[in-house]
1. In the set 52, 3, which member is modelled with pLDDT under 95 and not polar (S, T, N, Q)?
2. Take region 16-39 and flag every residue that is closer than 26 Å to residue 122 by Cβ and either of a type in the set (S, T, N, Q) or open to solvent by 50 Å² or more (accessible area, probe 1.4 Å) (or both).
3. Report, by residue number, each residue of region 40-58 that is surrounded by fewer than 19 Cβ atoms within 10 Å (Cβ to Cβ) and under 16 Å from residue 80 (Cβ atoms).
4. Residue 73: in a loop (DSSP other than H, G, I, E, B), under 27 Å from residue 124 (Cα atoms), in contact with a Ser or Thr (Cβ under 8 Å, 6 or more places away or on another chain) and not acidic (Asp, Glu), yes or no?
5. Would a scan of region 44-55 turn up a residue that is within 14 Å of residue 97 (Cα to Cα), in a helix (DSSP H, G or I) and either touching a residue at least 24 places away in the same chain (Cβ under 8 Å) or among the aromatic types (Phe, Trp, Tyr) (or both)?
Amino acid sequence: MIVSALIVDDDPEVRITLTSILEDEGYSVEAVDNGRSAITTCEKLPFDVALVDINLPDVKGTELLRELKRLQPKMVKIIITGHPSFENAVDALNEKSDGFVSKPFDPQELLALMKKLMVEKQNDYLQMLKEV
């Protein structure tokens with residue numbers, strides 16, 4: 001099964017790096033540079049995971065999480081930031097981010113976190129279905 005990922009970051013180097021890392025691992029990747037493009041892309045395509053920069057030119061990444069959750073509730077959402085702070089972490093948690101990663105990040109640690117969170121989310125939905 002091919003896992004699909006959405007990268008939302010206004011820094012072209014970060015988008016290129018993340019795209020390369022994920023494609024090398026077999027992910028199908030879409031990369032966009034702002035929140036509006038992320039929403040438009042999510043309206044057209046399903047994603048298993050989204051990596052969202054906290055500081056985007058048109059919206060704060062934590063605010064974008066709310067809309068992504070509405071559009072694709074099963075998608076794992078991970079905030080990536082070059083500005084880690086307690087406030088950013090709390091905002092990410094309040095907006096139901098599944099993970100929080102600081103730049104610069106270790107690619108293997110990021111991949112491991114993504115896989116772990118996707119398995120957890122899948123297990124949560126399977127458990128929910130069993131209960132229904």
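The values are calculated or read from the model by the stated rules, or taken from the named source; none is laboratory data. A quick note: this is a predicted structure, and the numbers were derived from the prediction, not measured. Cβ placement follows ideal geometry from the backbone for every residue including glycine, while neighbour counts extend to all protein chains displayed. In case anyone asks, the SASA skips ligands and DNA or RNA and just uses the protein heavy atoms, side chains included. Shrake-Rupley method; radii C 1.70, N 1.55, O 1.52, S 1.80 Å.
1. On the way: 52 fails: modelled with pLDDT under 95.
It is 3.
2. Matches in region 16-39: 19, 20, 23, 24, 25, 28, 30.
3. Going residue by residue through region 40-58, those that are surrounded by fewer than 19 Cβ atoms within 10 Å (Cβ to Cβ) are 40-41, 43-46, 55, 57-58.
If the condition is that a residue be surrounded by fewer than 19 Cβ atoms within 10 Å (Cβ to Cβ) and under 16 Å from residue 80 (Cβ atoms), then 55, 57 are the ones that fit.
4. Numbers: in a loop (DSSP other than H, G, I, E, B): yes; under 27 Å from residue 124 (Cα atoms): yes; in contact with a Ser or Thr (Cβ under 8 Å, 6 or more places away or on another chain): no; not acidic (Asp, Glu): yes.
No: the conditions fail for residue 73.
5. The answer is no; no qualifying residue exists.
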